[in-house]
Amino acid sequence: MNRDELVAFLDEYLNVQAYPDKSSNGLQVEGKEEVERIAFAVDTTLRTIERAVKGKADMLIVHHGMIWGGLGYITGIHYRRLKALMEGGINLYAAHLPLDAHPEVGNNVELLRLLGIEPMGPFGDYRGLSIGFYGEFEKEQPIEKVAQVIAEKLDTTVKTYEFGKRKIKTVGAISGAGAFALEEAHRKDIDLLVTGEFTHADYLTAIDLPQSVLVAGHYKTETLGVKALMEVVKEKFGIEVFFIDEPTGL
């Protein structure tokens, strides 16, 4: 199909212009005009690009693009990545916060659905817009059981910080680096914040609030959105798609 038609659909479906994001969301690198096969991945790395080329992709759709806060010097690894994309004729499309926040295929609605929870409302204020969601179990669940479900379904190592409640009813989900919402979670009586990564400073904030947190890995929590978007694109356009898995263990 025509690249520009596909990009127009993605821009509108993901509402990329609505988010104050340091990522340059949308088509970051222009490649072939006709798209017959699309690769999806979490990150834009040289290895991901090479696998997209090997898989004969015409477009690579990612959560983390290669342009952040504008275009800088095209040297070193930036040059090598751009060179690989251009030599392969691959279009690079990025959706960062728009893919976190999407109400149908976003990382955060998908995190809740892993737990059998349907989103009840937005959560996780970031520069005036909510990028996460919250919901609740029908019955309280032990935090250990919540952790087990996430670990099994995401095939990841889960760490829990049981500083607040250990019987969980309400859950807020923000993939990746979502600990910025710790105080909001506590203020809104959300029993458990599910996120991807946790720093020393985050630990100190959570223990002082106190707020229970489940950490499941930045990479793993952000595979969900690109995979869900991949299925939408496949069904709508009947185009060949494949997912490139490059886990970081982080």
Principal axes of the range 111-152: Cα extent on each, largest first, Å: 33, 20, 14
Nearest-ten-degree value, helix 143-154 long axis tilted from longest Cα axis of the chain: 10
Percentage relative contact order, the chain, counting C-alpha pairs under 8 Å, at least six apart: 19
C-alpha long axis of helix 3-14 to longest principal axis of the chain, angle in °: 10
Given charges at beta-carbon only (K, R positive; D, E negative), |dipole| of the chain in Debye: 520
Residues whose placed amide H lies under 5 Å from that of Lys165, excluding near-sequence neighbours: Ser212
Accessible area of the chain belonging to carbon and sulfur atoms, whole % at 1.4 Å probe: 49
Alpha-carbon gyration tensor eigenvalues x 5, square-rooted, for the range 155-250, Å: 31, 14, 10
Accessible heavy-atom area order of Ser212, Ser130, highest first, probe of 1.4 Å: Ser130, Ser212
Largest-first ellipsoid semi-axes for the chain, taking √(5λ) over the Cα gyration tensor eigenvalues, angstrom: 34, 18, 16
Across Lys153/Lys220; Lys56/Lys153; Lys169/Lys227; Lys22/Lys153; Lys56/Lys83, pairs whose alpha-carbon gap is larger than 19 Å: Lys56/Lys153; Lys169/Lys227; Lys22/Lys153
Degrees separating the helix 76-88 axis from the principal Cα axis of the chain, which is the longest one: 60
5 Å binning of all Cα-Cα separations within the range 67-164, expressed as whole percents from 0 upward: 3, 10, 14, 16, 15, 11, 11, 9, 7, 3, 1
Mean accessible surface per residue for the chain, computed with a 1.4 Å probe while every protein chain stays in place, in Å²: 48
Heavy-atom SASA rank of Lys54, Lys139 (probe 1.4 Å, accessible area, largest first): Lys54, Lys139
Percent antiparallel among DSSP beta bridges (both partners in the chain, rounded to 5): 50
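The values are calculated or read from the model by the stated rules, or taken from the named source; none is laboratory data. Because the structure is a prediction, the values reported are computed rather than measured. Cβ: placed from backbone, ideal geometry, glycine included. Neighbour counts: every protein chain shown. In case anyone asks, the SASA skips ligands and DNA or RNA and just uses the protein heavy atoms, side chains included. Shrake-Rupley method; radii C 1.70, N 1.55, O 1.52, S 1.80 Å.
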